[in-house]
1. For the condition farther than 29 Å from A:HIS189 by Cβ and assigned by TED's automatic domain parsing to the domain that holds A:LYS140, what is the one hit in A:SER13, A:SER67, A:SER114?
2. Quick check, is A:SER35 touching a residue at least 60 places away in the same chain (Cβ under 8 Å), out of contact with any strand residue (DSSP E or B) (no Cβ under 8 Å at 6 or more places or on another chain), among the polar types (S, T, N, Q) and facing another protein chain (nearest Cβ under 9 Å)?
3. I'm trying to understand the selection: among the residues of region B:7-45, which are farther than 23 Å from A:HIS7 by Cβ and either more than 8 Å from chain C (Cβ to nearest Cβ) or outside any loop (DSSP other than H, G, I, E, B) (or both)?
4. Any idea which residue in region A:38-77 is nearest to the other protein chains (Cβ to nearest Cβ), counting only those that are assigned to a strand (DSSP E or B) and open to solvent by 20 Å² or more (accessible area, probe 1.4 Å)?
5. Checking B:GLY104 against (1) more than 7 Å from every other protein chain (Cβ to nearest Cβ); (2) surrounded by 24 or more Cβ atoms within 10 Å (Cβ to Cβ), which test does it fail?
6. Return a yes/no flag: does region A:258-266 have any residue that is out of contact with any Gly (no Cβ under 9 Å at 6 or more places or on another chain) and within 26 Å of A:ARG87 (Cβ to Cβ).
7. I need a count of the residues in region C:679-692 that are within 13 Å of chain B (Cβ to nearest Cβ) and in contact with a strand residue (DSSP E or B) (Cβ under 6 Å, 6 or more places away or on another chain).
8. Please specify each residue of region C:703-722 satisfying the condition of being more than 14 Å from chain B (Cβ to nearest Cβ) and surrounded by fewer than 21 Cβ atoms within 10 Å (Cβ to Cβ).
Amino acid sequence: MKPPPFHYHDPRSLDDALGLLAEKENAKLLAGGQSLMPMLNMRFVFPDDIIDLNRIPDMASIRKDGSSIRIGAMTRQYALERSEVIRNQCPIIVEALREVGHLQTRNRGTIGGSLCHLDPSAELPTVAQGLDATIHIQSKRGARTLAMADFPSFFMTPAIEPDEIVSAIEFEPWSKGHGFAFVEFVRRHGDFAIVGVATLLELSADGMVSRASITLGGVGQAPIRCGAAEGIVIGSNCSDAAISEAADSCREIDAMDDVHVTAAYRRHLAVALTRRALKKAYDRASGETAA
Amino acid sequence: MTDTRAIALTVNGSRHDIEVETRLTLADCLRHQIDLTGTHVGCEHGVCGACTVLVDGQAVRSCLMLAVQADGAIITTVEGLASEDGQLHPLQQAFHDNHGLQCGFCTPGVLMTLLEFLQHNSAPTEGEVRVALSGNLCRCTGYQGIVAAALDAAGRMRQEPDQINGPKKS
Amino acid sequence: MTDRLFEPRYGRLEDAALLTGKGRYVDDIHLPGMLEVAFVRSPHGHAHVRSIDTKAALALPGVLAVYTHADVVQALTSDHIPPDELVESFPTTTWPYILPEDEVCFVGEAVAAVVAENRYIAEDAAALVMVDYEPLPVVSNCREAAEPGSPTVHRHADGNIVSQFTIEYGDVDQAFSEAAHVFSFSLNQHRGGAHSIEGRGVVANYDANAHQLTIWASTQTAYKSRDAAVELFDMDESRVRVIVPDVGGGFGGKNTVFPEEVLTVMASRLLSRPVKWIEDRREHFLACIQERDQEWDVEVAVDAEARVQGIRGTMYHDQGAYTLLSLHVPHNSAIAVPGPYHVPNYSIEVLVTETNKVGTIPVRGAGYPEGNFTMERILDRIAQELGMDRAEVRRRNLIPGDAIPYQMPMNTREGTPMIYESGDFLHCYEMALEASGYADFEQRQKEALAEGRHIGIGVANMVKVTGRGPFESATVRVGRSGRVVVYTSAMAMGQGTKTTLAQICAEQLATEPDQITVVTVDTASSPIGIGAYGSRNTVNAGNSVHLAAIEVRKKAIRVAAHVFGVDEHDIEIIDGLARIKTDPTKSLTFKDIAKALSAAKGCPIPKDMPIGFEATVNFRPPDVTYCNATHVVEVEASPETGGVEILRYVVVNDSGVLINPTLVEGQLQGGIAHGIGNALYEWMGYDENAQPVITNLAEYLLPTSTTVPNIEIIHVETPSTLNPLGVKGAGEAGVIPVAGAVVSAVENALGPIGIWIGEAPIAPVRIIELIEESKASP
């Protein structure tokens, strides 16, 4: 299983990378390599050109940009895991990252790479959707942004043009002390989630949910925001009844069938895991458990 | 269509100036061009972990890196664990003492993964060790000896902190 | 072996090299001018090959040759892998082709071999080979394949049934007609592939000047490789040498001669250059053997006391498109059902059917896990239907200790009587129940349920054939250096063979095991032998080493007695010396004795004494011997997700006398991990067009460090009566009863819901489906 032949480029600036991308008709971007290299080794893809982004300085960074957090697309997953800013302000990312592959994966894997690969079972796209992230995109033609909700175009394909590179992801962290939980079901630690749920909650002073974000990964081709479930928990104190009702609303969701598991099972897991995630997030928000 | 490039890798302290095809994986480069066959190839799609080496101190699957990407990098492979006079690294000794290997094919990758892991976690629980090893497949041992060896090595390394960053120079 | 001279838990001699990256596996072999092979493989489950166009491939720079069937016919004496005696009697359509003439019969079957400067170029060229396929009807399921009118796996065959046979004894009809109860059910059993972390591989080097062929193979069957090369290349044994380097696991995947190996050797023969083939993981999925599917329909007759009176049924075995190693798996599965239990009447009809998938041969356990699973499910069904404790049902049906030696009413594969000659199954069983706290479990289960946790316990018992002959050879030789060297035909693949054999030799020659060199297979130094499978190395090679070392010891004593002019009884072998017991200053080193026995001047030996400080023994076990075990497993199952976690695993295992208990524990732990894979994780999936839908390790779930618990092992050492060391095998012992125990535990955990699991592996999605079915029809 050896890669097919290609021309290799390792530009030293984003500008150079964009120039190459605009010029080459059949090019692939190499970020962490944890998804592209297996595909190359298995000869599932035959790019004429590989544009390696790893030597471009300044594509990896974690910054506060006013009230939002901005993460460079080439930021390694292990760096996110260890970042004080992320741990303090966006702990759901850390909780999700613990499930992403293994130690070796996260040393090389990047947040941008994971988002652009858009594997339905991947944890980071689910969390990005839950955070209502904004994706920054650049090309020779200029810069633009895309809401994460609009980012997936179809199966494992983001809504970006062939000459565009995702340069950063940005989101507003939730308020201090917010509740969060990333819960998934896997067969073995580090596997892609069969189903994963990202939940964020904010409570008002009386312990009622004032804001909720519930996102399912691994159920559909792209992360699914569960508006109905969110509507049920908002205004509640996440009683068992409210949580059950919210979780049960996931029974109606369109789910994928594949050789491993059925759509029915995915829906079943969505319900069970949403229940668990809501309970955990609420307990954290109300200070009943340490985060 | 194949490109080649001149690159320089430092492997286990020795510099290698070589010319490689740009599609050559780091694993194949180490094994067949630099002739360090201790790193093994088991799947070439990033699951089994047999090819794990340290690149700039980080455990990485060398089957998922191109050799050209390692130009200028400091690489440590299993051949670099023991000291120059042949004294085994505490990890290696612990694997021997705890029957942590059988066929030995997954072992170099396991050792390199643990080397990084134990640098950042000097007193791990058994559960943490098992999670750290979850990206290394072994078909022989059932992992029990490997886990025992890892915990034993962690203890030894805590007693001799200068071993953490690599073998003692004699 | 009592009163050992050296520590039984001896540190492995293999470790130093393997831990420092100095192991030498087949892909580590670099020879000047070496070429590499890649294969063009069929994407169809069944197709007529109309033509193969190799022009574009041959034109690629760096490509030296592209071989197809015509080249095989020209270069070799046959275009099929030489079949064993049984397969010779089967239709030739069952014989594996080296390269097929004009028909492919499974996805992944090699139709052409590309030889190039390196593997990268070889794969580039393989993609340029143009094969014109005409798809043909495909057979994917073994039960459907057996039906009249089914499409045929091979287009010119009459049908798909390779063999139909019945294993039976007693009078099942009578047993069933008189039974108090009869229960029946079906089972779908699946075991996947071998998946050693090192795949298959071979380096062949034909030296044209010397007309000498050297083959390095990562193999469990070096002698078949040598013999196949001799036959196919029309060379004699003096010209063919097979060396087995370090092997990164076998588990059955390397236990037959494959077309890829023959073609790599052929390439070297034709090009007079070293040629290497290293299997990649996708090739292992597509074209390496597996065990795959068996479908069982069984009935059991029991008396009012839950004692089995008879078992009968039918089993369909998926043989794959070619028969690569006889009928071992289906035969073993059929005879393995009774195991350690008393089954007075028995009849299982087996239909071995072909499908358009890669051939099935033994993977670790060799069909015994399937037979065992069937029996354990039978016993659980009896318990369920009669409302009895599962442990009590087993207790009533286990063959009691005082009945051993116990002659089973059926024969071994070789046709000899099947006799459990030693062991006490009930004793191990009770010990395991005690150690695992089985009696208290119900209480713990109640407490857990009150906390919302579903925990369960399962028990299973097994016996496994081990130590099957005919032999493995050992030569113990001390050369002029004084170093003890053991040359053996035993093949190592991680079991610690060198350490075990060194330990056995050390006991006789009073030499520290790490001062003994063990040379495993090189046909130049061990010209005859068999193979590493079926848990047989220690019994066969171990006893050969033991007996050879005894001979060498006797020679040392005889020489020393002669030199010192004393009686042989006055000489002892101690610390690597032969010396007078009452006068230790009078001693000879092994170096001295080796010199003497090479008839060196000034070194007297008795006139009638043969030359050479060595002995060769090919111990022939008179019969197979049986290891036995009881496994007890505790699991937690989630009715929410269907997830299963193994909480505790207790084993009482009797593999006879243990040369090195640490190594045996490693074998058991590894075997149990494999069994957990078979119980919960490993599914080699194909669709209805016989297309593999699982072809990578992210989707094929090998057990990982977070899925295998620590195993609590209690050893019982009942010596085998069939060999001087009293040893039995252990390599497969761990695998056999795992699925039965785990599945039983999962059912027990979900007891309040009440499901019946008729399959292995069982995945969470299926557990949820079974729960839902159970709720729908209470």
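The values are calculated or read from the model by the stated rules, or taken from the named source; none is laboratory data. Quantities reported herein were computed from a predicted structural model and do not represent experimental measurements. Here the Cβ is made from the backbone with ideal geometry for all residues, glycine too, and neighbour counts use every protein chain on show. Note: accessible area is taken over every heavy atom of the protein model, side chains too, but ligands, DNA and RNA are not part of it. Shrake-Rupley method; radii C 1.70, N 1.55, O 1.52, S 1.80 Å.
1. A:SER67
2. Considered against the rule, which asks whether it is touching a residue at least 60 places away in the same chain (Cβ under 8 Å), out of contact with any strand residue (DSSP E or B) (no Cβ under 8 Å at 6 or more places or on another chain), among the polar types (S, T, N, Q) and facing another protein chain (nearest Cβ under 9 Å), A:SER35 comes out as yes.
3. Answer for region B:7-45, where residues must be farther than 23 Å from A:HIS7 by Cβ and either more than 8 Å from chain C (Cβ to nearest Cβ) or outside any loop (DSSP other than H, G, I, E, B) (or both): B:THR10, B:VAL11, B:ASN12, B:GLY13, B:SER14, B:ARG15, B:HIS16, B:LEU30, B:ARG31, B:ILE34.
4. Top of the filtered list is A:ARG76.
5. (1)
6. no
7. The total comes to 1.
8. C:ILE714, C:HIS715, C:VAL716, C:GLU717, C:PRO719, C:THR721
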